[in-house]
Ligand SMILES: Nc1nc2c(ncn2[C@@H]2O[C@H](COP(=O)(O)OP(=O)(O)OP(=O)(O)O)[C@@H](O)[C@H]2O)c(=O)[nH]1
Ligand SMILES: [Mg+2]
């Protein structure tokens with residue numbers, strides 16, 4: 001019974017996500033669902049990316065957090081449209097939440113919408129929101145055992161950004177092992193090493209975005 005219930009919830013969510021996707025397509029918006037454990041650097045990466053690309057593309061952001069408008073305030077400071085969703089306890093965004101947030105965005109004036117999901121390495125990977133691609137961050141400070149322990153997000157993502165590479169000298173993070181294990185989970189996964197803090201590798205991430213849709 002419980003299994004059936006979970007399946008129904010996911011199917012209902014898939015339908016709403018599909019409707020969201022149609023609305024985004026009608027407006028010609030490319031949508032990224034950005035996911036990671038808490039603190040991997042999603043908002044920092046977004047702040048840098050927006051500042052680098054906002055003259056080339058019209059970017060909008062939806063921020064998902066359990067509580068506070070802190071991340072939306074950081075994005076607002078870059079001067080682009082942003083909406084904050086507070087899930088009040090839920091560990092992920094779902095299609096319905098995005099459907100409601102859309103009403104507060106100028107969809108006709110956005111080419112690239114980046115949805116920062118709730119910081120969590122598990123639940124966000126289970127719920128589609130209407131995205132074109134899932135982009136995942138893993139920071140080197142989290143440890144190199146994460147792909148095999150939390151495989152779903154790695155298997156769902158199109159791109160893995162390995163962030164905070166400036167900290168590698170202070171960790172025992174084994175880059176080669178992580179890449180090999182990620183490939184074992186998802187052989188289609190693109191992987192780019194970045195430091196949102198120093199800017200290292202950020203041009204490669206921006207190129208990836210440009211290739212996915214014509215900025
Ligand atoms: N050294 C270093 N620190 C970073 C880097 N990227 C982010 N940080 C720091 O990591 C901390 C968390 O960054 P956020 O961007 O808030 O992380 P987040 O993934 O948005 O966090 P949640 O939204 O809470 O899940 C901040 O103190 C950042 O300054 C990086 O590349 N290198
Ligand atoms: Mg954040």
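Where a number appears in this text, it was derived from the coordinates with a stated rule and is not lab data. Note that the coordinates shown come from a computational prediction; the quantities given were computed from them, not determined experimentally. Every residue, glycine among them, receives a Cβ derived from its backbone with ideal geometry; neighbour counts consider all protein chains shown.
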Roughly how many whole Å is it from the C-alpha centroid of region 176-199 to that of region 84-106?
28 Å
Rounded FRET efficiency, nearest 0.05, which uses the C-beta distance separating residue 87 from residue 11 and R0 of 25 Å:
0.75
Tell me the label-point distance for the pair residue 176, residue 56, using the 7 Å Cα-to-Cβ offset, in nm and rounded to one decimal.
3.3 nm
Students often check this: by mean Cβ neighbours within 10 Å, which of 13-23, 139-149 ranks highest, and how do the rest follow?
139-149, 13-23
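Grab the Cα-Cα distance for residue 210 and residue 188, subtract it from 0.36 nm times how many residues apart they are, and report the gain in nm with one decimal.
6.1 nm
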Go ahead and run the numbers for FRET between residue 3 and residue 145, Cβ-Cβ distance against an R0 of 30 Å, rounding to 0.05.
0.55
The chain: relative contact order in percent, alpha carbon pairs under 8 Å with at least 6 residues between:
24 percent
Computed Rg/Rh for the chain (Cα atoms; Rh = Kirkwood radius) stands at 0.95
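Do the sum for the chain: with -39,500 (n - 2.57) for every DSSP H run of n ≥ 4, divided by all residues, what is the mean residue ellipticity at 222 nm, to the nearest 500 deg cm²/dmol?
So the calculated ellipticity at 222 nm is -11500 deg cm²/dmol.
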